[in-house]
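Below: one structure, written as structure tokens.
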Amino acid sequence: MLEKEKEALAKRIAGEITLSSDPGKTMRKWREIFGVSQTELAEFLGVSSSVISDYEGGRRKSPGASTIRKFVEALLEIDEKRGGNVIRAFSRTIGSDLPTNAILDIREFAFPVTVAEIVAAVKGEIAANEDLLGRKIYGYTVIDSIQAILEMSSDEFLKLYGWTTERALVFTKVTTGRSPMIAIRVQGLKPAVVVLHGVKRLDELAVKIAERERVPLVISKAKDENELIVSLRALVEKAEKI
């Protein structure tokens with residue numbers, strides 16, 4: 001099941017670790033994306049938790065090809081035993097191309113940032129679920145909400161998530177915020193945070209959906225789309241230097 005997608009994901013993880021300036025931190029990022037604890041991963045690999053901790057903390061030399069292969073295979077096997085949710089999420093991101101007019105920018109963070117850092121980058125105000133400011137974010141997608149409504153099918157909407165739902169969906173040209181939140185509610189996949197830019201009057205239903213789905217809702221006060229994207233890209237560069 002999903003063998004091609006699993007193989008593609010395995011290559012992506014292994015390649016990212018191999019090319020990373022800090023392989024240990026990249027291993028930690030992927031372990032956290034899969035929701036696997038150090039203890040669970042160590043038990044699966046038959047090593048002590050301190051071995052995993054040492055790799056992630058940079059206290060062991062960079063992992064060799066054999067170690068990376070075992071690490072990747074372990075994450076995938078653990079995910080499959082849990083129902084394959086991460087592999088399935090990745091499979092939704094490959095296939096047809098994204099409508100270029102709707103997607104203004106899409107990036108992944110080399111190392112995760114928090115919702116609070118996203119809020120700061122977009123000059124935002126939190127409108128719902130302030131208690132989730134510490135949630136980790138692994139990427140972002142900036143979407144022209146009008147073009148998305150006009151051009152994107154239901155299946156294409158799922159492509160907004162890149163390779164993980166643990167990301168920020170940033171909607172521009174928003175008037176009330178109702179349509180983006182309803183779309184998220186209907187699709188079933190929940191982003192880690194939603195940012196609305198251009199809001200004139202925030203709809204109460206948008207806030208209620210955010211609260212129900214436990215998705216932090218942020219109102220961006222950036223002066224325009226360009227400032228929004230420049231600030232988010234600066235956050236990508238900052239994450240690479242951590």
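Pull up all non-local amide H partners of residue 128: gap of 5 or more, or a different chain, and H-to-H distance under 5 Å with H placed in the peptide plane.
Excluding prolines and chain starts, which carry no amide H, the hits are 217.
So how far apart, in nm, are the two label points at residue 182 and residue 82 if each is 7 Å from Cα heading toward Cβ?
The two pseudo-label positions are separated by 3.4 nm.
Please give the length that would be gained between residue 211 and residue 123 if that part of the chain were fully extended, namely 0.36 nm times their separation in residues minus their C-alpha to C-alpha distance (nm, one decimal).
Numbers: separation 88, 0.36 × 88 = 31.68 nm, distance 2.11 nm.
Contour length minus Cα-Cα distance gives 29.6 nm.
If you keep only loop residues by DSSP, which GluC sites (Glu not before Pro) in the range 1-61 have at most 12 other Cβ atoms within 10 Å of their Cβ? Please list the in-between numbers first.
Details: sites: 3, 5, 7, 16, 32, 40, 43, 56; in loops: none.
In loop regions of the range 1-61 (DSSP not H, G, I, E or B), there are no sparsely surrounded GluC sites (Glu not before Pro).
For the residue pair residue 230 and residue 73, what label-to-label distance in nm results when each label sits 7 Å from Cα along the Cα-to-beta-carbon direction?
4.9
With a ≥ b ≥ c the root eigenvalues of the C-alpha gyration tensor of the chain, is it rounded (a/c under 1.5), prolate (a/b larger than b/c) or oblate? Numbers along the way, then the final one.
Values: a/c = 2.01, a/b = 1.71, b/c = 1.18.
In terms of gyration-tensor shape, prolate.
Quick check: at a probe of 1.4 Å, how many percent of the accessible area of the range 185-236 sits on carbon and sulfur atoms? Numbers along the way, then the final one.
Values: 1240 of 2600 Å².
Answer for the range 185-236: carbon and sulfur cover 48 percent of the accessible area.
So what are the ³J(HN,Hα) numbers for the range 196-203, from phi and the Karplus equation (6.51, -1.76, 1.60; θ = phi - 60°), rounded to whole Hz, Gly and Pro as x?
Going residue by residue, I get 10, 10, x, 4, 9, 8, 5, 6 Hz, with x marking Gly and Pro.
³J(HN,Hα) across the range 225-232 via Karplus (A = 6.51, B = -1.76, C = 1.60, θ = phi - 60°), whole Hz, x for Gly/Pro?
Result, rounded to whole Hz: 5, 4, 4, 4, 5, 4, 5, 5.
Could you tell me the distance between the Cα centroids of the range 161-224 and the range 1-48, to the nearest Å?
Measuring centre to centre over Cα atoms gives 29 Å.
For a Förster distance of 45 Å, can you work out the FRET efficiency between the beta-carbons of residue 175 and residue 4, rounded to the nearest 0.05? Walk me through the numbers on the way to the answer.
On the way: r = 41 Å, r/R0 = 0.91.
Using R0 = 45 Å, I get an efficiency of 0.65.
Work out from phi, with θ = phi - 60° and the Karplus expression 6.51 cos²θ - 1.76 cosθ + 1.60, the ³J(HN,Hα) of each residue of the range 75-90, listed in order in whole Hz, and give x for Gly and Pro.
Ordered by residue, 3J(HN,Hα) equals 4, 5, 5, 4, 5, 4, 5, 8, x, x, 4, 5, 4, 5, 4, 5 Hz.
Would you mind putting 124-133, 108-117 in packing order, based on average other-beta-carbon counts within 10 Å, highest first?
Values: 124-133: 16.9, 108-117: 19.4.
So the peptides 124-133, 108-117, ranked by packing, come out 108-117, 124-133.
Accessible area per residue of the range 1-145 at 1.4 Å probe, in Å²?
Values: 7030 Å² over 145 residues.
Result: 48 Å² of accessible area for each residue.
Rounded to the nearest 500, what is the chain's calculated 222 nm mean residue ellipticity when only DSSP H runs of at least 4 contribute -39500 (n - 2.57) each, over all residues? Kindly include the intermediate steps, with their values, before the conclusion.
Values: 12 runs with 122 residues, N = 242.
Computed ellipticity for the chain at 222 nm equals -15000 deg cm²/dmol.
Pick out, from 51, 109, 26, the residue whose Cα sits farthest towards the positive end of the charge dipole of the chain, with +1 on the Cβ of Lys and Arg and -1 on the Cβ of Asp and Glu.
51
What does the charge dipole of the range 187-242 about its Cα centre add up to, to the nearest 20 debye, if the Cβ of each Lys and Arg holds +1 and the Cβ of each Asp and Glu holds -1?
Its charge dipole is roughly 120 debye.
Can you tell me the dipole magnitude for the chain around its Cα centre, using point charges on the Cβ only (Lys, Arg +1; Asp, Glu -1), in Debye to the nearest 20? Intermediate values should be presented prior to the final figure.
Details: 37 positive and 35 negative charges, 57 e Å.
The calculation lands at about 280 debye.
Determine the shape class of the range 122-221: with a ≥ b ≥ c the square roots of the Cα gyration tensor eigenvalues, call it rounded for a/c under 1.5, and otherwise prolate if a/b is greater than b/c, oblate otherwise. Mind showing how you got there, number by number?
Values: a/c = 1.40, a/b = 1.11, b/c = 1.26.
Judged from the Cα gyration tensor, the range 122-221 comes out rounded (a/c under 1.5).
Towards the positive end of the charge dipole of the chain, with charges on Cβ (+1 Lys, Arg; -1 Asp, Glu), say which of 132, 148, 219 has the farthest Cα.
Going by the charge dipole, the pick is 132.
Which residue, 181, 27, 152, has the most motion in a Gaussian network model of the chain that connects Cα atoms within less than 10 Å?
152
With each pseudo-label sitting 7 Å past Cα toward Cβ, what's the residue 43-residue 150 distance in nm, one decimal?
5.4
The values are calculated or read from the model by the stated rules, or taken from the named source; none is laboratory data. Since this is a predicted model, take the numbers as computed values, not measurements. Because the Cβ atoms are built from the backbone with ideal geometry, glycine has one as well, and the counts that use them run over all protein chains shown. Note: accessible area is taken over every heavy atom of the protein model, side chains too, but ligands, DNA and RNA are not part of it. Shrake-Rupley method; radii C 1.70, N 1.55, O 1.52, S 1.80 Å.
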